[in-house]
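Structure first, then comments.
The values are calculated or read from the model by the stated rules, or taken from the named source; none is laboratory data. Model, not experiment: these values are computed from the prediction. When we count neighbours, we look across all protein chains shown, and the Cβ atoms used for this are built from the backbone with ideal geometry, even at glycine.
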Amino acid sequence: MSEAVSALNNAYAKGAITVQEVGPQGMITLRGDLSDAAFGAAVAQVTGASVPGQRKITHAGANAVAWMSPDELLILLPYAEVGAAVSSLNAALAGTHFLAVNVSDARALFRVTGKPGPVREVIAKLAPADLSPDAFALGDIRRTRLAQVAAAFWLTQEGEANLVCFRSVARYAFDLLATSAAAGPVGFFRQG
């Protein structure tokens, strides 16, 4: 089996904040009845995290579960664990209506780090979402657009956000983030 290659070979840019492609990241799209107890148990078994509420993300160590739509989750886990996780989900959910797909090589993951205000502003300049601390807190995820492409992002801590997009638009997304970072903050959010 060949080794995983990231979309942009760990591209890195530094401006008001730092933008970096994370590299190969395990990702599973899981669709089904999010309110079903067996579904929740299967998610917990594979990730250690619970099924999140609407526009939320839950974490357990290196694993995360993100709400993507009323019947869809995005599971994030180490790249090497995806095959076993999909097999476990298939076994645990057999006989129910669900879909578990390895989308690791179809997505790119970026990490945006710096002071809390500039991190929020660099993304806010590109996305039609309210990123103020009152509207976007730790544990929240937004599935929206980054300029012209679909993306989802969440804060991993104040001053650090992750952003996922399709691999086919990874260069475009990276360049947008890098350009926004180079332009610097606009001073709308507290710069702390």
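Taking only the range 169-187 into account, find how many residues are within 13 Å of Lys115 (Cβ to Cβ) and assigned to a loop (DSSP other than H, G, I, E, B). Selection size over the range 169-187: 3. Taking the range 20-46 as the search range and keeping residues that are farther than 30 Å from Arg171 by Cβ and of a type outside the set (Gly, Ala, Ser), which one is surrounded by the fewest Cβ atoms within 10 Å (Cβ to Cβ)? So, considering only residues that are farther than 30 Å from Arg171 by Cβ and of a type outside the set (Gly, Ala, Ser), the one surrounded by the fewest Cβ atoms within 10 Å (Cβ to Cβ) is Gln45.
Condition test on Arg111, is it of a type in the set (Lys, Arg) and under 20 Å from Ile28 (Cα atoms)? For Arg111, the condition - of a type in the set (Lys, Arg) and under 20 Å from Ile28 (Cα atoms) - is met. Residues in the range 158-170 that are over 20 Å from Ile28 (Cβ atoms) and touching a strand residue (DSSP E or B) at 6+ places or on another chain (Cβ under 9 Å): Gly159, Glu160, Ala161, Val169. Residue pairs whose Cβ atoms lie under 6 Å apart, sitting 6 or more positions apart in sequence or on different chains, and linking a residue in the range 149-168 that is outside any strand (DSSP E or B) and at pLDDT 95 or above to a partner that is surrounded by fewer than 17 Cβ atoms within 10 Å (Cβ to Cβ) and not hydroxyl-bearing (Ser, Thr, Tyr), are Arg167/Ala106. Taking the conditions (1) in a strand (DSSP E or B); (2) over 15 Å from the mean Cα position of the chain (by Cα); (3) within 24 Å of Asp175 (Cα to Cα) in turn, Val5 satisfies each one other than (1). For the range 148-192, the set of residues classified as polar (S, T, N, Q) and surrounded by 20 or more Cβ atoms within 10 Å (Cβ to Cβ) consists of Asn162, Ser180, listed by residue number. Of the listed requirements (1) over 16 Å from the mean Cα position of the chain (by Cα); (2) not in a helix (DSSP H, G or I), Val112 misses just one: (1). Taking the criterion of being part of a strand (DSSP E or B) and of a type in the set (Phe, Trp, Tyr), would at least one residue in the range 35-44 satisfy it? Scanning the range 35-44, I find no residue that is part of a strand (DSSP E or B) and of a type in the set (Phe, Trp, Tyr), so the answer is no. Within the range 131-148, if we keep just the residues that are in a loop (DSSP other than H, G, I, E, B) and free of Cβ contacts under 8 Å to residues at least 40 places away in the same chain, the residue that is nearest to the chain's Cα centre (by Cα) turns out to be Leu138. Selection of the range 1-18 for residues being within 20 Å of Ala66 (Cβ to Cβ) and touching a helix residue (DSSP H, G or I) at 6+ places or on another chain (Cβ under 6 Å) yields only Ala7.
For the range 54-99, the set of residues classified as without any contact (Cβ under 8 Å) to a residue 60 or more places away in the chain, under 19 Å from Thr144 (Cα atoms) and assigned to a loop (DSSP other than H, G, I, E, B) consists of Gln54, Pro70, Asp71, listed by residue number.
Looking at Asp140, Asp105, Asp175, just one residue is within 16 Å of Ala11 (Cβ to Cβ), acidic (Asp, Glu) and at pLDDT 95 or above, and that residue is Asp175. Do we find a residue being polar (S, T, N, Q), in the same structural domain as Arg111 (by TED's automatic domain parsing) and within 23 Å of Pro133 (Cα to Cα) anywhere in the range 160-174? Yes, some residue in the range 160-174 is polar (S, T, N, Q), in the same structural domain as Arg111 (by TED's automatic domain parsing) and within 23 Å of Pro133 (Cα to Cα).
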